[in-house]
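These notes are about the structure you will find just below.
The values are calculated or read from the model by the stated rules, or taken from the named source; none is laboratory data. Quick caveat: nothing in here was measured; it's all calculated off a predicted structure. FYI the Cβ positions are ideal-geometry reconstructions off the backbone, even for glycines, and counts take in every protein chain you see. For the accessible areas, the whole protein counts, side chains as well, though only heavy atoms, and no ligand, DNA or RNA atoms are used. Shrake-Rupley method; radii C 1.70, N 1.55, O 1.52, S 1.80 Å.
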Amino acid sequence: MGVDNNEMYQDLSKAETSSSNLKDQWGLVLKKLNSEYGNEVFNSWIKNITIRNLDEDVLNFTVPTRFIRDWITSHYLDKIIYFLNQENSQIKRVKISIDNSLSANMLNIDKQSNQLTKNNFYKNSSAYTDEWPLDERFKFDKFVVGPSNELAFASAKRFCLSEVNEFNPLYIYGGVGLGKTHLLHSIGWKLKEIDGNKSILYLSAERFMFQFIKSLRQKDTMSFKQKFRSADVLILDDVQFMMGKVSTQEEFFHTFNSLLDMNKKVIISGDRSPNDLGSFSERMKSRLSGGLVVDIMPAEYELRFSIIKNKYSDLRERNRNTYELDNAVLSFLAKTVSSNVRELEGALNKVYTFSNILGKKIDIELTKSVLKDLLKSNNRRITIDEIQNKVANYYNIKIEDLISSRRIRTFARPRQVAMYLSKKLTTRSLPEIGRKFGGRDHTTVIHAVKKIEELKNGNSKFDEDINLITQMITSV
Ligand code: ADP
Ligand code: MG
């Protein structure tokens, strides 16, 4: 008996430590998810997850509603599993169930916070952004103007300054990372500066949908409608998100119309022109383009260089006593990272941080090595097909065998190598990679990546093989 008890205690304490480890690991995963997706997605979706327990290799989660579960599963689950697996290799799968009691709880908390925001909403000028404060760094005076964005910039300013709406709505579109959100925030700041009593709503289309659905769930669509229709200014970011979401679109259309009818300013951004918003209804498209439509084009080199110089001097202002970056490095960055300004800024931050970690000035060679991955993806997109081709070639096997279900070593190892390289050299997600390898599960891909990493570490010949194949793939 005594022995049994002892064992039981040991087991219990083991269970306790492992569950506290699990909490820590989940905490780290949450941090990564937050930086991967940003606050907005994090607060809207990921924060709803409660972890329960680990059952062999399955981690059990609960969320308040089916909708949240489906949304998380289809949008963020890959990354969640991937990060979890990095922290705890035992975790291979995740099971999400619905816990209705959470939902009741959440409604309560929501109600309270709604009440709080409602109370503050119209009185307190700093609470005007509907729980989403505008970013201090995104103001007009921090926006660098060049030929590719001057029309959008001038229109945005004009839109703020005109008493009577010469045009309404203002629709700004362009590719990722070209400054749309920056301009939208700038408009918000400016309008607030002009008239502090105006109620200005800024939110992304994703957030709009989230709140709309929440109001349906709470059977409180009246206050939702009321809130949006009583705004003086509505700024909606990334409207393309509503493509295919019929009821959200419909609701937005009504909100939008009633604001325009009252001559309230509406500003919208999208990644494409209104006409190209595939599944949007014709009346919606025409209403969206009924004011002024302007685009932002990718920045040309001179503009990229001025932007990066500006961002660099901001960085230096915020962090004193740090190492300087040469103009040559800045110009190298502006030349090589040409796809979008966000990546350019990311590259600058990375180089800057490294220079401080290393405690020395950074030259171009070092810059190149710090930014290896980024430069690679800016140079050329590598496809999974190419990788499969090269790997099959290297190991002298047929592509059919590489993606077949045959498990003999001669095929299985090259297959794992090809999966590993697909993960390393492309931006494809795990399920996408799995599908390209004869419809395999994403956990098989995770397993392959880990296996190859292990082998590389323990076997220098194998490591060389991998490097060689990588070179063959990347040096074309
Ligand atoms: P988008 O919304 O179009 O995807 P963002 O507005 O988020 O892009 O811009 C990404 C980053 O690039 C932000 O940090 C923004 O400040 C910066 N940026 C983009 N264009 C400019 C510009 N013309 N001047 C200064 N910063 C810019
Ligand atoms: Mg944006």
Output yes when any residue across the stretch 281-303 is free of Cβ contacts under 8 Å to residues at least 60 places away in the same chain and aromatic (Phe, Trp, Tyr), and no when none is.
yes
Pull out all pairs, ordered by first then second residue, where Cβ-Cβ is under 7 Å, the residues are six or more apart or on different chains, the first lies in the stretch 259-277 and is at pLDDT 95 or above, and the second is among the charged types (D, E, K, R) and within 16 Å of ligand 1 (Cβ to nearest atom).
Ser269/Lys180; Ser269/Asp237; Ser269/Asp238; Gly270/Asp238
List the helices (runs of 4 or more DSSP H) inside the stretch 345-407, counting only whole elements, that have at least 1 residues being touching a residue at least 40 places away in the same chain (Cβ under 8 Å).
372-379, 384-395
Do you know which of the residues in the stretch 447-467 that are surrounded by fewer than 16 Cβ atoms within 10 Å (Cβ to Cβ) and farther than 19 Å from Tyr394 by Cβ is farthest from the chain's Cα centre (by Cα)?
Gly458
If we scan the stretch 171-180, do we find a residue that is under 25 Å from Ser199 (Cβ atoms) and more than 10 Å from ligand 1 (Cβ to nearest atom)?
yes
Scan the stretch 270-303 for residues that are touching a helix residue (DSSP H, G or I) at 6+ places or on another chain (Cβ under 7 Å), closer than 17 Å to Ile235 by Cα and among the polar types (S, T, N, Q) and jot them down.
Ser289
Positions within the stretch 315-344 being within 16 Å of ligand 1 (Cβ to nearest atom), in contact (Cβ under 8 Å) with a residue 40 or more places away in the chain and either closer than 13 Å to Leu375 by Cβ or in the same structural domain as Gly174 (by TED's automatic domain parsing) (or both), in sequence order:
Val337, Ser338, Ser339, Glu343, Leu344
Residues within the stretch 181-205 that are more than 9 Å from ligand 1 (Cβ to nearest atom), part of a helix (DSSP H, G or I) and open to solvent by 30 Å² or more (accessible area, probe 1.4 Å), tallied:
4
Quick check, is Glu343 open to solvent by 10 Å² or more (accessible area, probe 1.4 Å), modelled with pLDDT under 90, more than 25 Å from Ser162 (Cβ to Cβ) and within 16 Å of ligand 2 (Cβ to nearest atom)?
yes
Complete set of residues in the stretch 241-275 that are open to solvent by 40 Å² or more (accessible area, probe 1.4 Å), away from ligand 1 (no atom under 16 Å from the Cβ) and not small (Gly, Ala, Ser)
Met243, Lys245, Val246, Glu250, His254, Asp261, Met262, Asn263, Lys264, Asn275
Give the residue that is farthest from Leu234 (Cα to Cα), with candidates limited to residues of the stretch 163-188 that are away from ligand 2 (no atom under 16 Å from the Cβ) and in contact with a strand residue (DSSP E or B) (Cβ under 9 Å, 6 or more places away or on another chain).
Glu166
Out of Thr470, Thr444, Thr427, sole residue that is polar (S, T, N, Q) and open to solvent by 60 Å² or more (accessible area, probe 1.4 Å)
Thr427
Within the stretch 200-208, can one find any residue that is away from ligand 2 (no atom under 16 Å from the Cβ) and either in the same structural domain as Ser279 (by TED's automatic domain parsing) or among the polar types (S, T, N, Q) (or both)?
yes
Every residue in the stretch 209-240 that is crowded, with 19+ Cβ neighbours inside 10 Å and within 16 Å of ligand 1 (Cβ to nearest atom), please.
Ile235, Leu236, Asp237, Asp238, Val239
Filter result (more than 12 Å from ligand 1 (Cβ to nearest atom) and either under 19 Å from Lys192 (Cβ atoms) or buried (at least 18 other Cβ atoms within 10 Å of the Cβ) (or both)) within the stretch 135-170
Ser155, Lys157, Arg158, Phe159, Cys160, Leu161, Ser162, Glu163, Asn165, Asn168, Pro169, Leu170
